[in-house]
Amino acid sequence: METGWVLGMDASGPGLAVAALGPGGTVWAEWYWNRPRTASTHLLGWVALLVEAYGPPAAVGVGRGPGSFTGVRIAVTAAKMLAFAWEIPVKGVSSLAAWALAAPSGHTVVVTSERRGEAFYAGCYRREGEGVRALAADVAASGTGVSPWPGLQPEPPVAVTGVLAGEDRFRAVWGPGTRALPLPLLGSAVARLARTAMETEGPDDPETLLPAYVRPPGITRPGAAR
C-alpha cells in the first residue's frame with residue numbers, strides 16, 4: 001500500500017470531497033465541492049484528473065455515511081465501480097470517524113452531521129495517535145439538549161465538530177470547556193482511515209460493500225408535499 005496512492009471520496013455531508021493520499025500520508029491533491037445536489041457531476045471528472053496526474057490508485061477508500069442518503073449512495077457506488085474496473089482493493093469507513101480526525105490527539109470528539117430540525121447523525125470517538133477509536137456506535141439522534149448515548153461519559157477534553165459544533169446547548173451536554181472544532185478535509189481523512197483499516201482488517205468485498213444509513217430512508221408518496 002505504501003508504494004501507491006489511495007483515492008479517498010465522501011459525499012455524506014454538505015458536499016463532495018475527493019483526495020489523493022500519497023505514500024507516507026502526504027496529501028497530493030484535495031478538492032471539495034460545496035453543492036451536494038450536483039456532487040455526481042464532479043466526482044468522476046475529478047477522479048479522471050487525478051489518474052491523469054498520478055496514474056491509477058493502489059486502493060480506494062470511501063465514506064459509507066451516515067449522512068445524505070443520495071450522497072452516500074453516489075460515493076459508495078462509484079468506489080465499488082472503480083475497484084472493479086481497476087481491480088484494486090476498496091475500503092468503506094465511517095464518514096463520522098473521518099470527521100473526528102479534526103480533533104487533536106488525546107481528545108474525545110463528538111461528530112454531528114445532517115441536521116434536520118432536531119434530528120441529526122452523531123458519532124463519538126477518541127482521537128488517538130494518527131487515528132480514532134469509536135466510543136459508541138454512530139446513531140440517528142434527536143434533541144440537541146441531550147446526549148445521543150444515555151449514560152456515556154466521555155473522558156475529557158471533549159470537542160464537538162459538525163453541524164452542532166456552534167450550538168451552546170449541545171456543547172453544554174458534554175461539560176464545561178467543551179470546544180468547537182472546524183471540519184477536516186474529508187477526502188484525505190477518509191483515505192487515511194481506509195489505508196489503516198485495509199492494513200489491519202483487509203479490504204471490503206465490492207459486491208457486499210453497502211452504505212451505512214443508520215436509519216431507514218423516509219418514503220414520500222407520489223405527488224405528496226415534501
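Observations on the model:
- Theoretical FRET efficiency, 1/(1+(r/R0)^6), r = Cβ-Cβ of residue 41 and residue 167, R0 25 Å, to 0.05: 0.20
- Extension gain for residue 133-residue 207 works out to 24.0 nm (0.36 nm per residue, less the C-alpha to C-alpha distance).
- In terms of surrounding Cβ atoms within a 10 Å radius of their Cβ, 188, 68 rank from fewest to most as 68, 188.
- Local net charge near residue 143, Cβ-Cβ under 11 Å (Lys/Arg +1, Asp/Glu -1): 0
- Unit charges on C-beta of K, R, D, E only; dipole of the chain, Debye: 820 debye
- Residues whose placed amide H lies under 5 Å from that of residue 88, excluding near-sequence neighbours: none
- ³J(HN,Hα), Karplus 6.51/-1.76/1.60, whole Hz, each residue of the range 186-194, x for Gly, Pro: 6, x, 5, 5, 4, 4, 5, 5, 5
- Amide proton proximity set for residue 212, modelled H, under 5 Å, gap of 5+: 65
- Using θ = phi - 60° and Karplus 6.51 cos²θ - 1.76 cosθ + 1.60, couplings along the range 146-159 (whole Hz; Gly, Pro as x): 9, 7, x, 10, x, x, 6, 10, x, 5, x, x, 10, 10
- For the range 96-181, DSSP calls about 65 percent of its internal beta bridges antiparallel.
- Under 5 Å, built H, 5+ apart or other chain: amide partners of residue 163: 112, 113, 114
- Using only alpha carbons, the range 46-117 has a radius of gyration to Kirkwood radius ratio (Rg to Rh) of 1.05.
- Integer Hz, Karplus 6.51/-1.76/1.60 couplings in order for the range 51-62, x for Gly and Pro: 5, 4, 7, 10, x, x, x, 7, 6, 10, x, 9
Coordinate-derived values only; no laboratory data. Keep in mind the model is a prediction, meaning the values are calculated, not measured. A quick note on method: Cβ atoms are made from the backbone with ideal geometry, for glycine too, and the neighbour counts reach across all protein chains shown.
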